[in-house]
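First comes the structure, then the notes that go with it.
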Amino acid sequence: MARTRHLERIRASDLFLLLWDDYGWSTDIGGLAVVDGASLLDEQGRVRVDTVRRHLEPRLQLVPRFRQVLYRPRLGLGWPLWVDAPSFDLADHVKVRAVADESQLLPACEELARPKLDPDRPLWELWLLPGLPEQRMGAFLKVHHVLADGPAAMAAFAALLDLSADASTPVAPPWTPRPIPSAGQLLRDNLYRRGQELARGVSGVVHPRRTVQQVRRTLPAWREVLTEQPAPQTSLNQPVGAERRLSVVRGRLDLAQQIAHVQHAKVNDVILAAVAGGLRRLLASRGEDVDGLVQRAMVTISQRQEGPAQTKGNKPGWMMVPLPVGESDPVRRLELIAAETAARKHEARPEAGSGIFRFVAGQRAWYRMFPRQRSVNLVVSNVPGPPVPLYLAGARLLETFPLMPPMGNLTLVVAALSYAGQLNVTAAADRDSCPDLEIFTQGVHDTLDALARSLATAIPPREFRYRSRSAFVP
């Protein structure tokens, strides 16, 4: 059956994340950038927000989702789909909120992350936060998770930025929203998609060997979640609320690469070893026994193969990694983690919206038990960002920090992002159950320090370039 128009239905993995709204958990991801704002401030120190909006407007054609909303058809017409917003005003999405000083930057992000995005508008906001010393300002991007996963959000934001301060502004054609598809179009599209699914099901019956092979390829990954030893009970796993706290650790990518090279590991292993060190410090400070303790981390893995221009939506996979929190030696801890990830990384990884999670009933069953799940203690995400500096309306991005929300009973979520030689880590925690978040991030910082010092015995002094940096945004 031919379709008269391509309709952008959400995927099962998108629907899986959209259901967060129904259970009261925060649904936004994004990031915080610190920008050299001298060129964006007037003589009174006020942001030239209209200049920023005029700069971004023609670039929105590169990110169609930023002018679209989710439309939910009535029963029988298929899953939700992306449609053009009937009206769009960039002033609703690019806003200004001043902060008193640098100590208020993270609290401001915590407060701005609290309200849910308006579903009647495109699901994103960019907040400019002036008030930092030396004419710097924050830029807080907030995106609903259904719109993008970490790599897609990074690609979308990068599309709005430039590679130089004096980049020319593209000429974009006038934007006219397309009308919402008619009921007839939606019905035809839904029947076409159901027919495709039926054909795939018949193909699986006709070619059982191929079906069995596909199941076998992803079985080890499902076994990691469902049949490995349950995650040990610690204070990390409690039902979370809507309030969050943020803390960051600044790092250097070249240093993490040196550590990984010497220890025959990957940069992601270095991050996980630092997270394990932070967990050891945090749980011990709470009086919990860390001797021999192993915590289970769900490490997100991108399943993307398309280029940056086509990067959108959610295609997440996962890998369960045991973190040897009970190991006191940071180098030995890194060795154990590197061995685990090396053994697991070659296994096929299904998307989060596959298997039983392809069906709404399976997704809702999972969410009902999520606040009591025993499969995982925390989530860790590492997103590779641009290796070169980027500019927002001529203002250079000096630093970037990723943001992910706690959910279910995961009171702590950790995200890392590389950018222009940096490797920065953000910890987001449930405010009520994790008031001591800075103890964790100090432990992460100290572990990275210890791993860096271990290089002194393995690298000739002239090649050893370690220099400690301040751990926190003051």
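Which net charge results when you count Lys and Arg as +1 and Asp and Glu as -1 among the other residues whose beta-carbon is under 13 Å from that of Ala113? Neighbour charge sum, excluding Ala113 itself: +1.
Note on Val414, Val379: ascending count of other Cβ atoms within 10 Å places them as Val379, Val414, the fewest first.
Each of Arg121, Arg245, Arg364 was scored by other Cβ atoms within 10 Å of its Cβ. Arranged with the fewest first, they read Arg364, Arg121, Arg245. With θ taken as phi - 60° and the Karplus curve 6.51 cos²θ - 1.76 cosθ + 1.60 applied, the whole-hertz 3J(HN,Hα) list for region 100-114 is 5, 6, 5, 5, 9, 5, 5, x, 5, 5, 4, 5, 5, 6, 5 Hz, x standing for glycine and proline. What net charge is computed for the residues neighbouring Arg67, neighbours being all others with C-beta under 12 Å from the C-beta of Arg67, Lys and Arg scored +1, Asp and Glu -1? Once all neighbours under 12 Å are counted, the net charge is 0.
Ranked by the mean number of other Cβ atoms within 10 Å of their residues, highest first, the peptides 327-334, 439-446, 49-56 fall in the order 439-446, 327-334, 49-56.
Among beta bridges identified by DSSP and lying wholly in region 45-161, the antiparallel ones come to about 80 percent.
Between rounded, prolate and oblate, where does region 1-127 land on the alpha carbon gyration tensor, with a ≥ b ≥ c its root eigenvalues, rounded for a/c under 1.5, else prolate if a/b exceeds b/c? Oblate, because a/c is 1.5 or more while a/b does not exceed b/c. Take every Cα pair under 8 Å in region 41-139 that's 6+ residues apart, average their separations, divide by the length, and report that relative contact order as a whole percent. Relative contact order here is 29 percent.
No lab work stands behind these numbers, since they all come straight from the coordinates. Quick caveat, the model's predicted, so the values are computed rather than measured. Because the Cβ atoms are built from the backbone with ideal geometry, glycine has one as well, and the counts that use them run over all protein chains shown.
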